[in-house]
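Colleague: Structure provided below as structure tokens; questions to follow.
Please treat every number below as a calculation from the coordinates, not as lab data. What you see is a predicted model; the values in this text were computed from it and never measured. Cβ sites come from the backbone with ideal geometry, for glycine too, and all protein chains shown count toward neighbours.
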Amino acid sequence: MRWHIRTYQPGDEIQILELFKRVYGHERSLSHWRWKFLENPAGQQISLAVDEDGSIIGQFAGLPVVAATANETILLTQGIDHMVDAARRREGVYTALARHFFETFVTSTGAAAWYAFPVRENFDIEMKAFDCSALHQVSVLTSDLSKAEPWRPSLRHAQRCRVDHLDRAGPPVDELWNSCRSELPVATVRDSRYLNWRYVDCPDIEYRLTVVTDRVSKRVRGLAVTRNGWFDQPIALMVDWLVPASDLEAGRILLEHCHSLARERGLNAVQAWFPTYTPQHHFLISLGYRVQLSPFILSVRGPEGSKGLESLRGRWYYTMGDSDIY
């Protein structure tokens, strides 16, 4: 072969960004790349195909996150930015990249599972290339902001709580995560370290972190992360949500505030992802959100010979923020 596979080396990002522009047709900034890959607190996972002249002709990357189960923390990795130069697509580069990535990063001592949210066409390609499997098609929940909201929180509960916007997450959010962790069988660790990296430090997308705080106990009772607009769609995205399932009033207070912010921006809907088996999904349905299937398929693959992927089925709590699409 005139090319070989290796892991990322410092300085490769310049050629990676050039390849990204050729393959996807738009530019990604160097600051975005460094934030996403070099500053990720969970680490870096990149396999590259390199031609004999040193030029990068393909990439198979993962975005690792630390996740919590009932008994332990594990590593999951999201498949992103899989690409091969158009002139080299019939040489087996993609398959070789996938093999190298899984043998290097998705192992008994590495990531417990790889996951992605491809559309059907890309899922079919991935299934043939490296035998991933589908957990389910992702549901999207939508609230029409032109409609009345009879579910608004009671005045008594609203007066007991304060709503704040955070510049950065800190110890009170860590306490909230710890109180929610036991309710989430499998979930990305949503502590302040992760939330600050994923949302606050993102260099080119503006996210808003909103918390509900009890005025008496001073305890943070809920957190939502929102993004206004997505491509050319006039919608607000609720990309993350951390509220104890039993604290319905805190959920209503937080949701009402997010809806009000979206209306102030002239947006006409709020959308969110929650798996259909979660209390959060049922909570939004009870408040009038409608559900429909998105074009995205949650696909997964574990280490060679692993039997552990079934532990994700029907148990994994994810939101839009678990996908780099948002």
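Colleague: If the cut-off is a Cα-Cα distance under 17 Å, which aspartates and glutamates reach Lys36, setting aside same-chain residues fewer than 8 apart in sequence?
Modeller: Cα-Cα hits under 17 Å: Asp12, Glu13, Glu18, Glu27, Asp81, Asp201, Asp204, Glu206, Asp322, Asp324.
Colleague: Explain nothing, just the number: dipole magnitude of segment 23-162 about its Cα centre with +1 on each Lys and Arg Cβ and -1 on each Asp and Glu Cβ, in debye rounded to the nearest 20.
Modeller: Here segment 23-162 has a charge dipole of around 920 debye.
Colleague: Please name which of Pro185, Gly43, Leu284 has its Cα lying farthest along the dipole of the chain towards the positive end, using unit charges on Cβ (Lys, Arg +1; Asp, Glu -1) and the Cα centre as origin.
Modeller: Among Pro185, Gly43, Leu284, the one farthest towards the positive end of the dipole of the chain is Leu284.
Colleague: Divide, for the chain, the radius of gyration over alpha carbons by 2.2 N^0.38 Å, where N is the residue count.
Modeller: Compared with the compact-globule rule of thumb, the chain sits at 1.04.
Colleague: I want to make sure I understand the PRE zone here: with the label point 7 angstrom from the Cα of Lys147 toward its beta carbon, which residues in segment 242-267 have backbone N atoms less than 18 Å away?
Modeller: Residues 252, 255-260, 262-263, 267 qualify, since their backbone N sits under 18 Å from the label point.
Colleague: Divide by every residue of the chain the summed helix terms, -39500 (n - 2.57) for each DSSP H run of at least 4, and state the resulting mean residue ellipticity at 222 nm, rounded to the nearest 500 deg cm²/dmol.
Modeller: Mean residue ellipticity at 222 nm (helix-derived): -7500 deg cm²/dmol.
Colleague: Let me know the volume per residue of the alpha-carbon convex hull for segment 1-154, in Å³.
Modeller: Here the figure is 195 Å³ per residue.
Colleague: I've got another one for you. Rounded to the nearest 20 debye, what is the charge dipole size of the chain about its Cα centre when +1 sits on each Lys and Arg Cβ and -1 on each Asp and Glu Cβ?
Modeller: 920 debye
Colleague: Residues with amide H under 5 Å of Ile80's amide H, sequence separation 5 or more or different chain, H placed in the peptide plane at 1.01 Å from N; which?
Modeller: Amide H to amide H, under 5 Å and 5 or more residues apart or across chains, Ile80 pairs with Ala61, Gly62, Leu63.
Colleague: Next question, about the same structure. In Å, what Rg and Dmax follow from the Cα atoms of segment 141-230?
Modeller: 14.8, 39
Colleague: Helix 120-130 sits at what angle to the longest principal axis of the chain, using alpha carbons and giving 0 to 90 degrees rounded to 10?
Modeller: Result, in degrees: 50.
Colleague: Within the set of other residues whose C-beta is less than 11 Å from the C-beta of Leu63, count the net charge using Lys and Arg as +1 and Asp and Glu as -1.
Modeller: Cβ neighbours under 11 Å give a net charge of -1.
Colleague: Near Leu298, within a Cβ-to-Cβ distance under 11 Å, what is the net charge of the other residues, with Lys and Arg +1 and Asp and Glu -1?
Modeller: 0
Colleague: Additional query: Got a sec to turn the phi values of segment 150-166 into Karplus ³J(HN,Hα) couplings, 6.51 cos²θ - 1.76 cosθ + 1.60 with θ = phi - 60°, whole Hz, x for Gly and Pro?
Modeller: Residue by residue, segment 150-166 yields x, 8, 3, x, 5, 4, 4, 6, 5, 6, 6, 10, 10, 10, 10, 9, 9 Hz.
Colleague: For Asn40, list long-range residues whose amide hydrogen, built 1.01 Å from N in the peptide plane, is under 5 Å from its own amide hydrogen.
Modeller: The answer is none.
Colleague: May I ask you to derive the relative contact order of segment 209-301, considering only C-alpha pairs under 8 Å and at least 6 residues apart, and to give it as an integer percent?
Modeller: 22 percent
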